[in-house]
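Report on the structure given below.
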Amino acid sequence: MTGRMSISRRELIVGGLVVAFAGSARARAATADATGPSALGGFVRISRDGRISLVMPSVEMGQGIYTAEAALLAEELDVRLDQIEAIAAAPDASLYAQPLFKTQMTGGSTSIRGFWTPLREAGAAARSMLVAAAAQTWGVHPDECSTKDGTILHSSTGRVLGYGDVAESAATLPIPEDPKLKLPGEFKIIGKSQRRIDTPSKVNGSAVYGIDVAVDGMKIAAVVISPVDGGKLKSVDETDARKIPGVIDVLHIDDAVAVVGEHYWAARAGIEALNVDWDLGPNAKLTTASIRAEVAKAADDGTPLNALERGDVEARLKSAAKRLTAEYELPFLAHATMEPINTTVHIRPDGCDIWVGTQTPVVAQKHAARITGLPLDKVTLHNHLIGGGFGRRLQADTIEQAVRFAKQVPYPLKIIWMREQDIRHDRFRPCYLDRLAAGLDEQGRLSVWTHRTTSGTVRRYFDEDGWPEGKLDKDAVDGAWDSPYAFPAIRVDWIRHDPPVKLNWWRGVGPTHNVFVVESFLDELAHAAGQDPIAYRRALLDANPRAMAVLNKVADAAGWNRPLQPRSGRGVSLHQNFGTYAAVVVEVAVALSGEISLGKIVAAVDCGIQVNPDIIRAQIEGGVLFGLSAALFNGITFSDGRVEQGNFNDYRQLRINETPPIEVHLLESSEKPGGLGEVGTVSAAPALGNAIFAATGVRVRRLPIDRSLLSKRENS
Amino acid sequence: MISLNINGRDFAVQAPDDMPLLWVLRDLLNLKGTKFGCGIAQCGACTVHVDGRPVRSCMLPAASIGSRKVTTIEAIGQTESGRRIQQAWLELEVVQCGYCQSGQIMSAAALIERNPAPDDAEIDAAMAGNICRCATYARIRAAIKSASRR
């Protein structure tokens, strides 16, 4: 994919017009109101007074993308990161579509992979136009000019112009067809651990997340939602709620009630005082046991869709010296971002404003237009910093709800969900059931591998027409069909079974599930063959030098062969997803009670060209721990149609006192940059499960890890 | 009326007796740096100082504070400990999404205020009430040590 296909060149630069952004923080949360046509788009905006604003096509939710995308633009524009202000892109897929998705969406570790070339080209084009404008002013050839830190120099005469001085005339020049990009050796910003541009405001409380938005005349609402998904409001007695001082309104939609207050606490008190009767609908009897039984039935009877078939699978299974089978099971997961769900909406007869942090601004805008009946261009979405995404804010269900409530009132309405609602009314990572078989030859070498996944499809919640029966959803098999290994024969297939639970992507997407299964089962095979798990993997990696290199690096750095105490163990995982290669070793100690203590974690990563090594390390550190937290503690379960977990007491997360040291090794590479946000999370659970096997001899085939399976009486 | 001293200034607010300090700060005084995370004192995102001690403002009725002095993230940089923690947070690039970090910084500043050189166990004990879903814990530990050495 070239940048030219994905970016309209007319929009690369809009210069010369004074763009007024509220405030002076370098990284603004909101697309602050800009005046003039320059507000309409583009990636580079330079005002007459020399202020440089770079428009961020991806949303900042902690992954450091503002710093990384600004680095791509700034590198070629030839400005320093401390000279620029990053602003969130408005919803406009024609300008800001993620080239890999062809829609404006932040997720799947695609941002740098998709924008690597387009953003550098945008910066280079803008620079070239600014130089041309200065050269015109001086009556010299552009080749005689150079740029540095936002200025243009004519070295033979010592003349200097700032970018702001020529922005207006630059904007009238033709946009270069093929702006020359720097060679990697010329990079001044890319490849260095530049300071993050979004963090200064995050350490002094001044960063503005969606939940912090304050609009004149705004009221704040708390909601109560049908406790069972699919249920409907039957009746509500709001007499007591309306008596509470500070309560302004009680609003209804078909599956929820909002109490509006002068402040959130009045609204909360109003919610407590409501007496609501629900028609719980078709899912009222849903339990985790019933869901699991249905999944198992589908796995037995469903029609598999083939994702990959290579080699003579059946013959090899028959002739194998040793045959192994295993069944793995993964739970529904909530995202549990630190910032609870919230949206602020103001609907007027002639327009609608939405203040929110979303990974899919265009979808949110479209929903609002549909619900309000307003034309799309009358719906303004002000995107904000996000207090943790992990996939939750890919879906706009919560924004739809807010618009449906806000439609009923003339004032701006902010809706904040309680933590319990954030968890119980999440759209969940699917549950999965995986059945695997493998054949080994006389020497224990892998001869054949089959992997069948049964799960729902997340895609049906993203594609407007759902997802057709009989069509493979690649997400369900990602990480399974494209493992790093040269299996002599392999079959990967998927049985679709959509559970009566709404689904969403979750950090690591398809590979978080499949790599756990693949890497755990491969570990089983290594032990069955009586071989070291790393040596066993190496034998399958001759044709994959990048995977081999990260595996070797992690083995070395983790001291793979160093002896450990009894009931301690090391486990490894390896994968190649999102254009990145990652190997992780986790050390654990398992008490006789079954309690698990994490030991040292070591990661080795080859993500191609490193845009910002420190942010890469941070993503791997956090990503691995995020995955371990889920594997250790998390599974969403249902009883009487209700989600049983609700807050951090019963949907608990890893805490600092449970966090071991973590070491990240980055391998130098000149390959194109890979994705990072998902990578560590994908590595985590299999490395942990394999370490637990090494420590206890118990194979973890179901998540979250059941400690009772790991306990051992002292005298046994 | 509830009288409160916040960040060295006196305020009088009209609020129900059970209204937690968190919502008084956020919705009545427009001090939005203190965050709502869980509402049940499980995550620490709402941590503020009351007379220098870290407390979870989501469950603390504002009416119960009396004359004690409240400090929030907006003013913690004016204390020596707070300034050093904020600086270390930036130098070690602790922050990712940042939503929990107001609370983390308030807990950390209180820690080094009373214990100028905490070890790992003391850091863990003081910080275990603050959840970070981006899991920036290793850097939090390193940054507290860095700040305490200054």
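The values are calculated or read from the model by the stated rules, or taken from the named source; none is laboratory data. Because the structure is predicted, anything quoted here is derived from the model rather than measured. Positions of Cβ are backbone-derived with ideal geometry, glycine not excepted, and every protein chain shown enters the neighbour counts. Accessible surface is based on the protein model in full, side chains and every heavy atom, while ligands, DNA and RNA are left aside. Shrake-Rupley method; radii C 1.70, N 1.55, O 1.52, S 1.80 Å.
A few comments on the model shown:
- Pair-distance profile P(r), taking every C-alpha pair of the range A:268-311, with 10 angstrom steps and integer %: 18, 23, 23, 16, 12, 5, 1
- Difference of contour (0.36 nm per residue) and Cα-Cα distance, A:Y411 to A:D277: 45.5 nm
- In units of the compact-protein estimate 2.2 N^0.38 Å, the range A:422-535 shows a Cα radius of gyration of 1.21.
- Over the protein assembly as shown: helical MRE at 222 nm, DSSP H runs n ≥ 4 each giving -39500 (n - 2.57), nearest 500: -9000 deg cm²/dmol
- Lysines whose Cα lies under 18 Å from that of A:K474, excluding same-chain neighbours fewer than 8 positions away: A:K102
- Chain lengthening between A:E177 and A:R702 when straightened (0.36 nm per residue, less Cα-Cα): 183.6 nm
- Prolate/oblate/rounded call for the protein assembly as shown, Cα gyration tensor, a/c under 1.5 rounded: rounded
- Computed over the range A:674-716, Kirkwood Rh from alpha-carbon pairs, angstrom: 12.0
- The alpha-carbon of A:K202 sits under 28 angstrom from the alpha-carbons of these lysines, leaving out residues fewer than 8 places away in its chain: A:K188, A:K192, A:K219, A:K414, B:K32, B:K35, B:K69, B:K145.
- Efficiency of FRET between B:D10 and A:S235 - r from beta-carbon atoms, R0 60 angstrom, step 0.05: 0.80
- Cα-derived Rg over Rh, computed across the range A:519-601 with Rh taken as Kirkwood radius: 0.99
- Under Karplus coefficients 6.51, -1.76 and 1.60, residue-wise ³J(HN,Hα) of the range B:100-111 in Hz, glycine/proline x: 8, 6, 4, x, 4, 5, 5, 5, 5, 5, 5, 4
- Length added when fully stretched, B:E122-B:R149, from 0.36 nm per residue minus Cα-Cα: 8.2 nm
- For the range A:229-274, pairs of C-alpha atoms spaced more than 12 angstrom apart make up 54 percent of the total.
- Mean-position separation - Cα centroids, the range A:306-357 and the range A:464-515, in angstrom: 7
- Once the Cα atoms are used to define both axes, helix B:137-149 deviates from the longest principal axis of chain B by about 90 degrees.
- Computed Rg/Rh of the range A:50-105, alpha carbon atoms with Kirkwood Rh: 0.98
- J(HN,Hα) series, the range A:640-654, from Karplus relation 6.51 cos²θ - 1.76 cosθ + 1.60, nearest Hz, glycine and proline x: 6, x, 9, 6, 7, 8, x, 8, 6, 7, 10, 10, 7, 10, 4
- Rolling a 1.4 angstrom probe over chain A with all protein chains present gives an accessible area of which 50% lies on carbon and sulfur atoms.
- Under 5 Å between amide hydrogens, built in the peptide plane, is the criterion, and for A:G579 it picks out A:G675 among residues at least 5 positions away or on other chains.
- The B and A chains share an interface that buries close to 4500 Å² of accessible area, total over both sides, probe 1.4 Å.
- Accessible area per residue for chain A, computed on protein heavy atoms with a 1.4 Å probe, is 36 Å².
- Axis of helix B:80-91 versus longest Cα principal axis of chain B: the two differ by about 60°, to the nearest ten degrees.
- Non-local lysine pairs in the range A:290-410, meaning eight or more places apart or on different chains, with alpha-carbon distances under 28 Å, amount to 5.
- Shown is the FRET efficiency for A:S94 and A:L709, computed with R0 = 60 Å from the Cβ-Cβ distance and rounded to the nearest 0.05: 0.65.
- D_trans [Stokes-Einstein, Kirkwood Rh over alpha-carbon pairs] for the range A:149-302, 10 °C, 1.306 mPa s, µm² s⁻¹: 69
- C-alpha center-to-center spacing [the range A:527-595, the range B:86-150] in angstrom: 31
- Relative frequency of Cα-Cα separations exceeding 22 Å in chain B, percent: 35
- Net +/- balance of residues flanking A:D650 in space, Cβ distance below 12 Å, scoring K and R +1, D and E -1: +1
- Membrane-span-like helices in chain A (whole DSSP H runs, Cα extent of at least 24 Å along the helix axis, mean Kyte-Doolittle hydropathy of at least -0.5): A:111-138, A:509-528, A:613-633, A:679-696.
- A:V140-B:D51 FRET efficiency (beta carbon distance; Förster radius 56 Å; 0.05 resolution): 0.25
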